[in-house]
Amino acid sequence: LKFRLAGYPRKHNEGRVEVFYNDEWGTICDDDFTLPNAHVLCRHLGFVAATGWAHSAKYGQGVGRIWLDNVNCAGSEKSIADCKHRGWGNSDCSHEEDAGVICKDERIPGFKDSNVIEVRKLLVRVGSRCCPGSCRASCREPCHGAALPWGSPARPWCSPNSWEAASLPAPWQAPMQGGHGHLGRLRGRASGLLSPRRLFTERQQLSYRLHSVSCAGTEVHLSMCSFEFYRGNASGACGAGMPAVVSCVAGPLFATGSAQKKKQRQQQQGQQQIRLKGGAKIGEGRVEVLKGSEWGTVCDDRWNLLSASVVCRELGFGSAKEALTGARMGQGTGPIHMTEVQCLGTEKSLWSCPFRNITQEDCKHAEDAAVRCNIPYMGYENLIRLSGGRSRFEGRVEVAVGAGDGDGPRWGLVCGEGWGTLEAMVACRQLGLGFANHGLQETWYWDASNVTEMVLSGVKCAGHEMSLSHCQHHGASLSCRNTGTRFAAGVICSETASDLLLHAPLVQETAYIEDRPLHMLYCAAEENCLSSSARRANWPYGHRRLLRFSSQIHNNGRADFRPKAGRHSWVWHECH
């Protein structure tokens, strides 16, 4: 069984319930409908529970069959099919009685919704030994053991002379962590990045599975293009063509060469009209757009993979992997600039897509749209690891340098001197573990590894880098005052983090000057809230001139904000 929410107008967590049964979508009648029914249906849809339900086709009348009537659930059932009902397709209702649900806006952890591409439908990879960052080689070849819908191993597909750029979702994205900036070149039968002679030398028995692949270029995944299968014995297929060969060009963030990368990033930021905020990893976050001189968010009404892919490509990534709703990447602040964005997929910018301007009652920041984009697989996470921690999110940082014994790399420690939050942010990002809670300069309590050699020192990061190797460091000339393992750098990472934002307009609106007598400022003096010259004042006589204001600090992140110091070290002051 498959389920979806439909109808209009509605939010992402409510709507008319439609069920896919016997190869046909249909609705559910509202006769005898109860809240326990809604609980079961909301869990089907990936929400933790229901807060209400709707009768009499509140979200509009559906079409097709009315699959269920007189549904009676206790609320604990795993499937609506386990509830009592009149039988599939047995109903005396009309679509004027279509039932709807309102689900609690909290997702079941790990649930994959319909705005997520299931990449196991079609696994393809570009080349067997892809040069990180550039990926300029070679024939599409088998993903050994990969499961395709038809149950056979993945195979290359035929590239006749008619193969063209539109036959790749533009810009090309490989499902296995692909997502390069744009398509570089396509090579036909006579001239490839690997010569036909070499192709057939390396792959004597090429077995083809697909041919006549035809894409419009707007698809978010290759499985959404039209193509044909070779039936039966595929070894003699593709007589008029060759294996398809592509060349991908990485987006600006992944460009090789530091000078080129810096120049491209500056060009991109100089004309940036869109950005991602609140995401733990590269290529994910809450969508924010620039209107006038003010950044604002996008409402998630009608937000889908096509619109999300326009965002991803505009930022130099591949197509979208997920179109997230319900402020899954945290709530923004300020205006909401767009709602009901409906891109075709061909647009170069989100502003080129049809959308509706927001009105005050339309959306709240609890409905901010977000994306997860496909990005090139760079292999950075294979060059770093943690050891000794209580969980996989913490430990002493170990980095790979050069070749070790056997086939594996040589691992070493990072000097903790100067190691801080910015460096920890890069390490956690490279590990794929999200945000940095702490960057630790001493890790004697994590001494559980046989790696004892210090190999990296003077690490200084800006915070945006994708790998520690991209940060400044001493290189081969190691310089670390304390080279013992207890002084090796460590991190504590977290999938979520707080994000504090000062409400600046309130400070401006409430600021004023006050002359306050010194005898009323003893507590302020004890807490070092007065300037240093107050120590020389003639206490308790005289006064101090103070700037007073009100303030509000909002936490827009997805985790609670807690003091860095544990409560065992808090001091209870008699002034409070």
> Can you name the residue in the stretch 443-492 that is touching a Lys or Arg at 6+ places or on another chain (Cβ under 6 Å) and open to solvent by 60 Å² or more (accessible area, probe 1.4 Å) and is also nearest to Ala280 (Cα to Cα) among such residues?
Replying inline: Gln472
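Within the stretch 302-314, can you find the residues that are surrounded by fewer than 23 Cβ atoms within 10 Å (Cβ to Cβ) and touching a residue at least 60 places away in the same chain (Cβ under 8 Å)?
If the condition is that a residue be surrounded by fewer than 23 Cβ atoms within 10 Å (Cβ to Cβ) and touching a residue at least 60 places away in the same chain (Cβ under 8 Å), then Asn304, Leu306 are the ones that fit.
Given the condition in contact with a Phe, Trp or Tyr (Cβ under 7 Å, 6 or more places away or on another chain) and open to solvent by 70 Å² or more (accessible area, probe 1.4 Å), answer yes or no: does some residue in the stretch 497-514 qualify? Spell out how you get there, then give the answer.
Here is the first cut: in the stretch 497-514, the residues in contact with a Phe, Trp or Tyr (Cβ under 7 Å, 6 or more places away or on another chain) are 497-498, 500, 507, 510-511.
Still in the list and also open to solvent by 70 Å² or more (accessible area, probe 1.4 Å): 500.
Yes, that holds for at least one residue.
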> Are there any pairs, at least 6 apart or on different chains, whose C-beta atoms fall under 6 Å, with the first in the stretch 90-103 and within 20 Å of Asn72 (Cβ to Cβ) and the second among the charged types (D, E, K, R), and if so, which?
Replying inline: Ser91/Asp69; Cys93/Asp69; Glu97/Asp30; Asp98/Arg16; Ala99/Asp30; Gly100/Arg16; Gly100/Lys58; Ile102/Glu14
> Restricting attention to the stretch 224-256, which residues are small (Gly, Ala, Ser) and at pLDDT below 80?
Replying inline: Gly232, Ala234, Ser235, Gly236, Ala237, Gly239, Ala240, Gly241, Ser247, Ala250, Gly251, Ala255
>> Here is a check on your reading of the model: is Phe33 of a type in the set (Phe, Trp, Tyr) and either open to solvent by less than 10 Å² (accessible area, probe 1.4 Å) or at pLDDT below 90 (or both)?
In response: no
> Taking the stretch 533-576 as the region of interest, how many residues are part of a loop (DSSP other than H, G, I, E, B) and of a type in the set (A, V, I, L, M)?
Replying inline: 4
> Just checking, how many residues over the stretch 257-287 are farther than 26 Å from Asp499 by Cβ and either modelled with pLDDT of 85 or more or among the hydroxyl-bearing types (Ser, Thr, Tyr) (or both)?
Replying inline: 1
> From the set of residues in the stretch 368-421 that are more than 28 Å from Asn556 (Cα to Cα) and among the β-branched types (Val, Ile, Thr), which is surrounded by the most Cβ atoms within 10 Å (Cβ to Cβ)?
Replying inline: Val397
> Where residues in the stretch 73-103 are surrounded by 13 or more Cβ atoms within 10 Å (Cβ to Cβ) and either modelled with pLDDT under 90 or assigned to a strand (DSSP E or B) (or both), which of them is nearest to the chain's Cα centre (by Cα)?
Replying inline: Cys103
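How many of the residues making up the stretch 278-294 are acidic (Asp, Glu) and open to solvent by 80 Å² or more (accessible area, probe 1.4 Å)? Explain how you work it out, then say what you get.
Step one: list which residues in the stretch 278-294 are acidic (Asp, Glu), which gives 284, 288, 294.
Next, only the ones that are open to solvent by 80 Å² or more (accessible area, probe 1.4 Å) stay: 294.
Qualifying residue count for the region: 1.
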> Is the stretch 421-440 home to any residue that is in contact with a Pro (Cβ under 6 Å, 6 or more places away or on another chain) and in contact (Cβ under 8 Å) with a residue 12 or more places away in the chain?
Replying inline: no
>> Go through the stretch 536-563 and report how many residues are surrounded by fewer than 10 Cβ atoms within 10 Å (Cβ to Cβ) and without any contact (Cβ under 8 Å) to a residue 24 or more places away in the chain.
In response: 4
> Taking into account only those residues within the stretch 515-535 that are open to solvent by less than 70 Å² (accessible area, probe 1.4 Å) and among the aliphatic types (A, V, I, L, M), which is farthest from Cys428 (Cα to Cα)?
Replying inline: Leu518
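The values are calculated or read from the model by the stated rules, or taken from the named source; none is laboratory data. What you see is a predicted model; the values in this text were computed from it and never measured. Ideal geometry is used to build each Cβ from the backbone, glycine not excepted, and the neighbour counts take in all protein chains shown. Note: accessible area is taken over every heavy atom of the protein model, side chains too, but ligands, DNA and RNA are not part of it. Shrake-Rupley method; radii C 1.70, N 1.55, O 1.52, S 1.80 Å.
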